[in-house]
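Read the structure below first, then the notes.
The values are calculated or read from the model by the stated rules, or taken from the named source; none is laboratory data. Since the model is a prediction, treat every value here as computed from it, not as a measurement. Reconstructed Cβ throughout: ideal geometry from the backbone, glycine too, with neighbour counts over all protein chains shown. Ligands, DNA and RNA are excluded from the accessible area calculation, which covers all protein heavy atoms including side chains. Shrake-Rupley method; radii C 1.70, N 1.55, O 1.52, S 1.80 Å.
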Amino acid sequence: MGALPLNAEALYAQLLPAVKALIEASPAPVVLAGITSGGAWLAERLQRDLGLPGDAGVISSSMHRDDFAQRGLASSAQTVLPFDVNGAHVLLVDDVLYTGRTLRAVINELFDYGRPASVRLAVLVDRGGRELPIEANVCAARVSLADDQLLELARDGAGRLSFVIEPKKA
């Protein structure tokens with residue numbers, strides 16, 4: 001496991017005004033749903049820093065993953081959406097966008113809760129390598145990594161964010 005020279009806190013500082021502008025340009029109300037776990041941390045922080053009412057939602061991809069048979073249920077948080085999805089303008093928040101497969105599963109999960117008016121995506125980092133036609137509306141940085149590496153967001157006890165690179169598990 002190694003630290004990445006990407007400064008997650010600096011990238012968050014870039015993401016914040018971009019998300020604010022996206023929300024201001026969207027029909028109201030916009031609700032945030034963070035993808036477990038890094039995206040949920042980001043959504044919680046954006047909710048607070050933007051002064052949005054209520055709580056951000058947390059959404060899990062585990063029930064709709066195409067590799068569910070191998071992975072099973074993740075030990076991370078499960079979906080909690082403290083708002084009505086029907087008719088809502090949902091802004092999904094994630095830490096790293098890679099193949100798009102997690103986002104496909106998350107969108108399926110979201111539609112299990114209702115039919116949103118729109119769904120947009122904000123990510124801290126886009127690492128390319130898309131396998132599905134999914135693109136972020138807002139992205140703080142684009143990076144390139146080897147296919148055998150995972151880029152993960154970490155959070156310390158004080159809530160500060162950082163990135164780590166780990167070898168992909170076989």
Search the range 9-34 for residues that are part of a loop (DSSP other than H, G, I, E, B) and open to solvent by less than 50 Å² (accessible area, probe 1.4 Å) and pair each with any residue that is at pLDDT 95 or above and not aromatic (Phe, Trp, Tyr) when their beta-carbon atoms are under 8 Å apart and the residues are at least 6 apart or on different chains.
Ser26/His89; Ser26/Leu91; Ser26/Ser118; Ser26/Arg120
Test for Ala43: is it within 22 Å of Arg142 (Cβ to Cβ), modelled with pLDDT of 95 or more and surrounded by fewer than 14 Cβ atoms within 10 Å (Cβ to Cβ):
no
Taking Ala8 as meeting all but one of (1) in contact with a Phe, Trp or Tyr (Cβ under 8 Å, 6 or more places away or on another chain); (2) within 23 Å of Val85 (Cβ to Cβ); (3) among the small types (Gly, Ala, Ser), write down the number of the exception.
(2)
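Return the residues of the range 140-153 that are surrounded by 13 or more Cβ atoms within 10 Å (Cβ to Cβ) and out of contact with any helix residue (DSSP H, G or I) (no Cβ under 8 Å at 6 or more places or on another chain); say none if nothing qualifies. First the steps, then the outcome.
Within the range 140-153, the first condition is being surrounded by 13 or more Cβ atoms within 10 Å (Cβ to Cβ), and the residues that meet it are 140-141, 143, 145, 149-153.
Selection gives Val143, Leu145, Gln149, Leu150, Leu151.
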Can you find, within the range 147-170, the residue that is farthest from Gly38 (Cα to Cα) among those that are at pLDDT 90 or above and part of a loop (DSSP other than H, G, I, E, B)?
Asp148
